[in-house]
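A short worksheet on the structure shown next.
The values are calculated or read from the model by the stated rules, or taken from the named source; none is laboratory data. Source: prediction; values computed, not measured. Glycine gets a Cβ as well: all are built from the backbone with ideal geometry, and neighbour counts include every protein chain shown. Note: areas computed on protein heavy atoms with side chains; ligands, DNA, RNA excluded. Shrake-Rupley method; radii C 1.70, N 1.55, O 1.52, S 1.80 Å.
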Amino acid sequence: GENVGLHLPTLSVQEGDNSIINCAYSNSASDYFIWYKQESGKGPQFIIDIRSNMDKRQGQRVTVLLNKTVKHLSLQIAATQPGDSAVYFCAENKGNSGYSTLTFGKGTMLLVSP
Amino acid sequence: AAGVIQSPRHLIKEKRETATLKCYPIPRHDTVYWYQQGPGQDPQFLISFYEKMQSDKGSIPDRFSAQQFSDYHSELNMSSLELGDSALYFCASSLGLAGQEDTQYFGPGTRLTVL
(Lines give C-alpha, C1' and ligand atoms only; values in the text may rest on other atoms or scores of the structure.)
Protein backbone atom coordinates (compact mmCIF):
# COMPACT_ATOMS: atom_id res chain seq x y z
CA GLY A 1 0.00 0.00 0.00
CA GLU A 2 0.90 3.64 -0.01
CA ASN A 3 1.80 3.81 3.66
CA VAL A 4 4.68 1.40 3.87
CA GLY A 5 5.78 2.79 7.17
CA LEU A 6 9.25 3.71 6.00
CA HIS A 7 8.80 7.32 7.01
CA LEU A 8 5.98 7.04 9.51
CA PRO A 9 6.21 6.85 13.26
CA THR A 10 4.87 3.52 14.39
CA LEU A 11 2.99 2.49 17.51
CA SER A 12 2.94 -1.24 18.23
CA VAL A 13 0.45 -2.56 20.79
CA GLN A 14 -1.04 -5.83 21.89
CA GLU A 15 -4.68 -6.64 21.27
CA GLY A 16 -6.75 -5.38 24.17
CA ASP A 17 -4.36 -2.60 25.09
CA ASN A 18 -5.34 1.04 24.95
CA SER A 19 -3.61 3.08 22.24
CA ILE A 20 -2.79 6.77 22.25
CA ILE A 21 -1.82 8.50 19.03
CA ASN A 22 -0.57 12.07 19.20
CA CYS A 23 -0.59 14.93 16.76
CA ALA A 24 0.72 18.48 16.84
CA TYR A 25 -1.01 21.06 14.69
CA SER A 26 0.39 24.29 13.41
CA ASN A 27 -2.31 26.92 13.08
CA SER A 28 -3.69 28.41 16.27
CA ALA A 29 -6.60 29.77 14.22
CA SER A 30 -7.78 26.28 13.20
CA ASP A 31 -11.18 25.60 14.71
CA TYR A 32 -12.05 22.11 13.62
CA PHE A 33 -10.04 18.91 13.83
CA ILE A 34 -10.64 15.44 12.50
CA TRP A 35 -9.01 12.06 12.93
CA TYR A 36 -8.91 9.76 9.93
CA LYS A 37 -7.96 6.10 9.67
CA GLN A 38 -6.36 4.90 6.47
CA GLU A 39 -5.89 1.24 5.65
CA SER A 40 -3.44 0.22 3.00
CA GLY A 41 -4.62 1.15 -0.49
CA LYS A 42 -7.82 2.77 0.76
CA GLY A 43 -9.08 6.27 1.27
CA PRO A 44 -8.99 8.00 4.66
CA GLN A 45 -11.99 7.03 6.80
CA PHE A 46 -13.55 9.50 9.22
CA ILE A 47 -13.23 8.43 12.87
CA ILE A 48 -14.08 11.37 15.08
CA ASP A 49 -13.96 15.15 15.06
CA ILE A 50 -13.77 17.96 17.58
CA ARG A 51 -14.35 21.71 17.52
CA SER A 52 -11.96 24.14 19.14
CA ASN A 53 -14.51 25.10 21.80
CA MET A 54 -14.24 21.58 23.23
CA ASP A 55 -11.34 19.79 24.86
CA LYS A 56 -12.69 16.26 24.77
CA ARG A 57 -15.07 14.23 22.70
CA GLN A 58 -15.92 10.57 22.95
CA GLY A 59 -17.10 8.09 20.38
CA GLN A 60 -17.37 4.37 20.30
CA ARG A 61 -14.05 3.11 21.74
CA VAL A 62 -12.38 6.35 20.68
CA THR A 63 -11.74 9.60 22.49
CA VAL A 64 -10.18 12.75 21.08
CA LEU A 65 -8.47 15.25 23.36
CA LEU A 66 -7.61 18.76 22.28
CA ASN A 67 -5.10 20.99 24.06
CA LYS A 68 -5.19 24.38 22.38
CA THR A 69 -2.54 25.83 24.64
CA VAL A 70 0.14 23.61 23.19
CA LYS A 71 -1.65 22.90 19.90
CA HIS A 72 -1.83 19.20 20.55
CA LEU A 73 -4.40 16.60 19.61
CA SER A 74 -4.58 12.98 20.70
CA LEU A 75 -6.65 9.98 19.75
CA GLN A 76 -7.24 7.30 22.34
CA ILE A 77 -8.46 3.90 21.21
CA ALA A 78 -9.75 1.62 23.93
CA ALA A 79 -9.34 -2.15 23.78
CA THR A 80 -7.40 -2.00 20.54
CA GLN A 81 -8.22 -4.73 18.04
CA PRO A 82 -6.24 -6.14 15.08
CA GLY A 83 -8.75 -4.42 12.79
CA ASP A 84 -7.57 -1.10 14.16
CA SER A 85 -4.21 -1.59 12.45
CA ALA A 86 -3.87 1.28 9.98
CA VAL A 87 -2.28 4.69 9.55
CA TYR A 88 -3.97 7.43 11.55
CA PHE A 89 -3.93 11.06 10.46
CA CYS A 90 -5.08 14.14 12.25
CA ALA A 91 -6.32 16.97 10.06
CA GLU A 92 -7.06 20.60 10.81
CA ASN A 93 -9.42 22.95 9.08
CA LYS A 94 -7.32 25.78 7.72
CA GLY A 95 -9.71 26.95 5.04
CA ASN A 96 -9.32 30.46 3.75
CA SER A 97 -12.70 30.62 2.11
CA GLY A 98 -14.88 29.49 4.96
CA TYR A 99 -15.03 25.98 3.57
CA SER A 100 -13.20 23.14 5.17
CA THR A 101 -9.88 22.80 3.42
CA LEU A 102 -7.99 20.23 5.43
CA THR A 103 -4.33 20.12 6.21
CA PHE A 104 -3.19 16.69 7.27
CA GLY A 105 -0.55 16.01 9.86
CA LYS A 106 2.03 13.29 9.49
CA GLY A 107 0.45 9.91 9.95
CA THR A 108 1.15 7.36 12.65
CA MET A 109 1.06 3.69 11.83
CA LEU A 110 -0.70 1.59 14.46
CA LEU A 111 0.21 -2.09 14.50
CA VAL A 112 -1.91 -4.35 16.69
CA SER A 113 -0.64 -7.81 17.49
CA PRO A 114 -3.11 -10.57 18.38
CA ALA B 1 -24.81 4.19 2.60
CA ALA B 2 -23.58 5.62 -0.67
CA GLY B 3 -19.94 6.68 -0.71
CA VAL B 4 -17.70 8.73 -2.92
CA ILE B 5 -16.98 6.97 -6.20
CA GLN B 6 -13.75 7.44 -8.10
CA SER B 7 -12.77 6.14 -11.49
CA PRO B 8 -10.64 4.64 -12.70
CA ARG B 9 -9.20 2.89 -9.65
CA HIS B 10 -5.88 2.29 -11.37
CA LEU B 11 -4.29 4.15 -14.25
CA ILE B 12 -0.96 3.68 -15.97
CA LYS B 13 0.37 6.40 -18.26
CA GLU B 14 3.57 7.30 -20.01
CA LYS B 15 5.50 10.51 -19.37
CA ARG B 16 4.05 13.53 -21.16
CA GLU B 17 0.67 11.86 -21.60
CA THR B 18 -2.58 13.20 -20.17
CA ALA B 19 -4.93 11.65 -17.63
CA THR B 20 -8.45 12.37 -16.45
CA LEU B 21 -9.66 11.26 -13.05
CA LYS B 22 -13.33 11.30 -12.17
CA CYS B 23 -15.10 11.73 -8.86
CA TYR B 24 -18.76 11.25 -8.01
CA PRO B 25 -19.64 12.75 -4.62
CA ILE B 26 -22.03 11.37 -2.05
CA PRO B 27 -25.63 12.31 -3.01
CA ARG B 28 -26.56 15.80 -1.75
CA HIS B 29 -22.91 16.75 -1.28
CA ASP B 30 -22.16 19.81 -3.36
CA THR B 31 -18.51 20.25 -2.41
CA VAL B 32 -15.64 18.17 -3.71
CA TYR B 33 -11.96 18.20 -2.84
CA TRP B 34 -8.97 16.64 -4.55
CA TYR B 35 -5.90 15.38 -2.69
CA GLN B 36 -2.63 13.82 -3.80
CA GLN B 37 -0.86 11.27 -1.62
CA GLY B 38 2.64 10.05 -2.38
CA PRO B 39 4.09 6.86 -0.86
CA GLY B 40 4.42 7.20 2.90
CA GLN B 41 3.11 10.76 2.77
CA ASP B 42 0.07 12.51 4.14
CA PRO B 43 -2.61 13.64 1.67
CA GLN B 44 -1.87 17.05 0.16
CA PHE B 45 -4.77 19.29 -0.78
CA LEU B 46 -4.93 20.21 -4.46
CA ILE B 47 -8.19 22.02 -5.16
CA SER B 48 -11.83 22.18 -4.15
CA PHE B 49 -15.16 23.15 -5.66
CA TYR B 50 -18.42 24.32 -4.16
CA GLU B 51 -21.52 24.60 -6.30
CA LYS B 52 -19.44 24.20 -9.47
CA MET B 53 -17.13 27.08 -8.57
CA GLN B 54 -13.56 26.73 -7.38
CA SER B 55 -13.61 27.37 -3.64
CA ASP B 56 -9.98 26.89 -2.63
CA LYS B 57 -6.67 26.04 -4.19
CA GLY B 58 -3.70 24.26 -2.74
CA SER B 59 -0.52 22.87 -4.19
CA ILE B 60 -1.93 22.00 -7.59
CA PRO B 61 0.57 22.22 -10.46
CA ASP B 62 -0.28 24.43 -13.42
CA ARG B 63 -0.31 21.28 -15.56
CA PHE B 64 -3.38 20.13 -13.67
CA SER B 65 -6.87 21.52 -13.93
CA ALA B 66 -10.19 20.51 -12.51
CA GLN B 67 -13.83 21.35 -12.72
CA GLN B 68 -17.14 20.45 -11.19
CA PHE B 69 -20.12 19.76 -13.39
CA SER B 70 -23.83 20.47 -13.06
CA ASP B 71 -24.43 17.02 -11.56
CA TYR B 72 -21.68 17.82 -8.99
CA HIS B 73 -19.26 15.23 -10.23
CA SER B 74 -15.73 16.48 -10.70
CA GLU B 75 -12.86 15.71 -13.02
CA LEU B 76 -9.15 16.26 -12.47
CA ASN B 77 -7.26 16.70 -15.72
CA MET B 78 -3.53 16.14 -15.67
CA SER B 79 -1.33 16.97 -18.64
CA SER B 80 2.35 16.53 -19.48
CA LEU B 81 2.58 13.83 -16.86
CA GLU B 82 5.84 13.44 -15.00
CA LEU B 83 7.24 10.52 -13.06
CA GLY B 84 6.70 12.47 -9.85
CA ASP B 85 2.96 12.58 -10.50
CA SER B 86 2.75 8.89 -9.60
CA ALA B 87 0.60 8.85 -6.48
CA LEU B 88 -2.79 8.07 -5.04
CA TYR B 89 -5.36 10.72 -5.89
CA PHE B 90 -8.27 11.02 -3.55
CA CYS B 91 -11.50 12.84 -3.96
CA ALA B 92 -13.56 13.81 -0.93
CA SER B 93 -17.01 15.32 -0.71
CA SER B 94 -18.93 17.24 1.91
CA LEU B 95 -22.18 19.08 2.43
CA GLY B 96 -20.42 22.42 2.08
CA LEU B 97 -21.38 23.82 5.48
CA ALA B 98 -19.57 27.15 5.41
CA GLY B 99 -18.37 28.33 8.79
CA GLN B 100 -19.20 25.05 10.50
CA GLU B 101 -17.59 21.69 10.83
CA ASP B 102 -17.97 20.17 7.41
CA THR B 103 -16.86 16.59 7.44
CA GLN B 104 -15.12 15.37 4.32
CA TYR B 105 -15.71 11.81 3.24
CA PHE B 106 -13.09 10.25 1.05
CA GLY B 107 -13.33 8.00 -1.95
CA PRO B 108 -11.18 4.89 -2.47
CA GLY B 109 -8.69 6.77 -4.61
CA THR B 110 -7.16 6.42 -8.05
CA ARG B 111 -3.66 5.00 -8.17
CA LEU B 112 -1.80 6.76 -10.98
CA THR B 113 1.46 5.27 -12.19
CA VAL B 114 3.55 7.26 -14.67
CA LEU B 115 6.19 5.25 -16.51
As a Kirkwood estimate from alpha-carbon pairs, the range A:10-113 has a hydrodynamic radius in angstrom of 13.9 Å
SASA check, residue B:69, accessible area w/ 1.4 Å probe, all protein chains in place, rounded to nearest 10 Å², comes out at 60 Å²
Cα-Cα longer than 28 Å, checked against A:68/B:52; A:42/B:15; A:42/A:68; A:106/B:52; A:106/B:57; A:37/A:71, kept in input order, equals A:68/B:52; A:42/A:68; A:106/B:52
log10 I(q)/I(0) for the range B:17-115, Debye formula on C-alpha points only (no solvent), q = 0.19 Å⁻¹, two decimals, reads -0.87
By accessible area (1.4 Å), largest first, A:92, B:51, B:14 order as B:14, B:51, A:92
Sequence order, the range B:7-13: Karplus ³J(HN,Hα) from phi using 6.51 cos²θ - 1.76 cosθ + 1.60, θ = phi - 60°, Hz rounded, Gly and Pro as x, gives 9, x, 7, 9, 8, 10, 9
Per residue of B:42-55, other chain Cβ atoms within 10 Å number on average 4
SASA check, residue A:57, accessible area w/ 1.4 Å probe, all protein chains in place, rounded to nearest 10 Å², comes out at 100 Å²
For B:19-30, A:8-19, ranked highest to lowest by mean beta-carbon neighbours within 10 Å, the order is B:19-30, A:8-19
Computed over the protein assembly as shown, the convex hull of the Cα set has an average projected area, in nm², of 12.3 nm²
Under the Karplus relation with 6.51, -1.76 and 1.60 and θ = phi - 60°, whole-Hz ³J(HN,Hα) for the range B:74-80, x at Gly and Pro, equal 10, 10, 10, 9, 10, 10, 6
Expressed as a whole number, the average count of other chain Cβ atoms within 10 Å around the Cβ atoms of B:80-91 is 1
